[in-house]
Structure formats: structure tokens, C-alpha cells
Amino acid sequence: MELRQLRYFVAVAEELNFGRAATRLRIAGPSLSQQIKSLERDLGVRLFERDRRTVALTAYGETLLPQTRALLEQADALRRTARGFAASEPVRLGYVSWRPSDLAERVSGVAQLLVDTWVMPSHTQAARVADGSIDLAICWVRATDLAEQSLAGQLLGADRLFAVSSGDESAVRARDTVVLVDADTEAWASWNIYAVEFARATGATVERIEDHGITGPAYFDHVRRLGRPVVTSPKRDTTPLPRGFVRRAVIDPVPVWTWALVSRQGEARPAVLAAVEALTRDVKLDLEPGVCWLPADDPFRSYQA
């Protein structure tokens, strides 16, 4: 027996019509009927007498309805109390270069979110969650990273990467692009891993650099020097696009960079759990199989199924 089944019971009892109750609950009619039957099996009594035209409460249903309403009200009160506790507890969140623009609004009334001002690489932010320095991190991680550091990751967003070159704005095939890999493996560890695997999987060219030119003016200098489309990293860059340069979609396949909301496995703090639920609720990733590319160890590859 689940609370949602009890809510279904109350809705049908109030509407005395499965169709109207299903519309009110925003579920399919057959699913509602199955859930009511399951509840009746769990309780061992029939709650409704129904035929093709009418629905009526049985004597058992009449007796259980007020008790069910009281139980649901207790559950709602418990949830409100827990949310009140959560809202008073600070939750520290770190990020790399991107965070949702409505971050504060999503957790308003659920948790007191403290956004850490230290913008660090993905692997560093994940490690800070693991050692307890922060509670949550928005970063790029591999399934291996999560397992080795006893972390959990939920999808928060995704970027479709593009390329920059001079000339026309037509789409460019992945195999005809260049990816930059920097010698500073501490600052660019996650990007380097992604870029090298992308090149191996698609035939793109790896260009090794030593000037942190993954972003900024140095990036555009490399585009000029190479004379080929160079894939951009997901790091947000405010440097204006130089005259004569264009952004070009990358296809066959489309490189996708995922952002995970990382927390500790077994996290029990109500505020942290409430923040995770609020931030990741209804987040979806539409990845067409065979069209989009993710690294083999990306924890969200199953979204392509």
C-alpha cells in the first residue's frame, strides 16, 4: 500500500467516476483502475461497487474514507515540517562554469543554498563533495568517478558542443574537426579525457597545446593557426567572436557534454536531499541514438536508449 494509492482512492471516492478522477490526477484511466484494484487486494476488502455506468462506495469504503483523508493530511503535515527543517539548513554547492539561471528559485523554500564562489575543475569539485568540503557539485563526471568516490550523480543539464572556424556557417562532420588538449592536466583533466575519447571515436584530430588556449583569445589564435574547425569546450567564455569567425554545428555525431548534480552516496541530510530533488525534478535529456555522442563511461548514456 502506497500513499499515492490512497490519494487515488480519495479522488475516485469524491468523483465517483474513474474518468473524471483520472483527469484530476493526470494519469491514464486504466492505470487508475489497476491501482485501485491493487489497493483493494492489499486491504483485503472492496472499496467500490462499479459497473459500466456507476461507481459507488461500499460500506468498507465509506468507513475507510475519513481515516484515509486523515492519514494523507498527516503525511502532508510531515512533508511540510521536513521541508521547513530543510529550508533552515545550509547546503553548499560548487560548480565549474555552468549552473541553471533559476538555481535559487528552484530551491526556494526547500533549502538554504550557499553557492561556493570557488570555480574549480570538474574532478576537483567532485572530490570536494566526496571529502565533505561541499554538499553538492555541478560538474562533468564519469561513472567510474562516481563509483570510486562513493558519489551519486543525477542529470542536471547538457551542452551540444559546436566548432569555430572562418568561412561559412554550414555544419561540419566530427571527423573534420580539431580538438585541443592542454598540457595542464590539473586544470583541464576532464576536458582532456573527453576530447581524446571524442577524437578516437570519430576520427577528429587532436592538437596538443601548452598555453591554456582551450578558451579565450588563445583559443581563437589556435583556430587561425590551424585553419580548420576547432571544437569548443563547454566552459563559458565571454570573449567576443572575432570578425570573420563563425560557429558551426558539429554532426556525425553531435558531441554532447553532460552536467551532473553530484552528491554523496547514502546522503541523509533532509536539506541536501530536498535540494537534489528540487534541482533535478523534470530534467530530461533528449539524445537521439546514432546522432549524439557521449563518452563510453558517461553515466547518462542510458538516456540514448
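The numbers here are math on the coordinates, done by the rules we state, and not lab data. Since the structure is predicted, the reported quantities are computational estimates derived from the model, not experimental observations. Neighbour counts run over all protein chains shown; Cβ positions are idealised from the backbone, glycine included.
At least 2 residues that are acidic (Asp, Glu) in each: list the helices (runs of 4 or more DSSP H) lying fully within region 1-91 that qualify.
On the way: elements: 3-15, 18-25, 29-43, 59-88.
Result: 3-15, 29-43, 59-88.
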Quiz prompt | Tally of residues being in contact (Cβ under 8 Å) with a residue 40 or more places away in the chain and either over 17 Å from residue 11 (Cβ atoms) or among the charged types (D, E, K, R) (or both) across region 36-66 | solution = 1
Quiz prompt | Yes/no for residue 106 being assigned to a helix (DSSP H, G or I), surrounded by 15 or more Cβ atoms within 10 Å (Cβ to Cβ) and in contact with a helix residue (DSSP H, G or I) (Cβ under 6 Å, 6 or more places away or on another chain) | solution = yes
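For every residue, the table says whether it meets (1) farther than 30 Å from residue 132 by Cβ; (2) within 29 Å of the chain's Cα centre (by Cα).
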residue: 5; (1), (2): yes, yes
residue: 9; (1), (2): yes, no
residue: 24; (1), (2): yes, yes
residue: 33; (1), (2): yes, no
residue: 40; (1), (2): yes, no
residue: 65; (1), (2): yes, no
residue: 100; (1), (2): no, yes
Self-check item: Given (1) surrounded by 14 or more Cβ atoms within 10 Å (Cβ to Cβ); (2) under 18 Å from the mean Cα position of the chain (by Cα), number of the condition residue 226 does not satisfy
Solution: (2)
Quiz prompt | The listed residue being in contact (Cβ under 8 Å) with a residue 60 or more places away in the chain, crowded, with 19+ Cβ neighbours inside 10 Å, part of a loop (DSSP other than H, G, I, E, B) and more than 16 Å from the chain's Cα centre (by Cα), out of 299, 295 | solution = 295
Quiz item: Name the pairs: first residue in region 200-227 and over 15 Å from residue 173 (Cα atoms), second residue among the charged types (D, E, K, R) and part of a loop (DSSP other than H, G, I, E, B), Cβ to Cβ under 8 Å, at least 6 apart or on different chains?
Solution: 210/184; 212/184; 214/235; 215/235; 215/237; 216/237; 218/211; 219/237
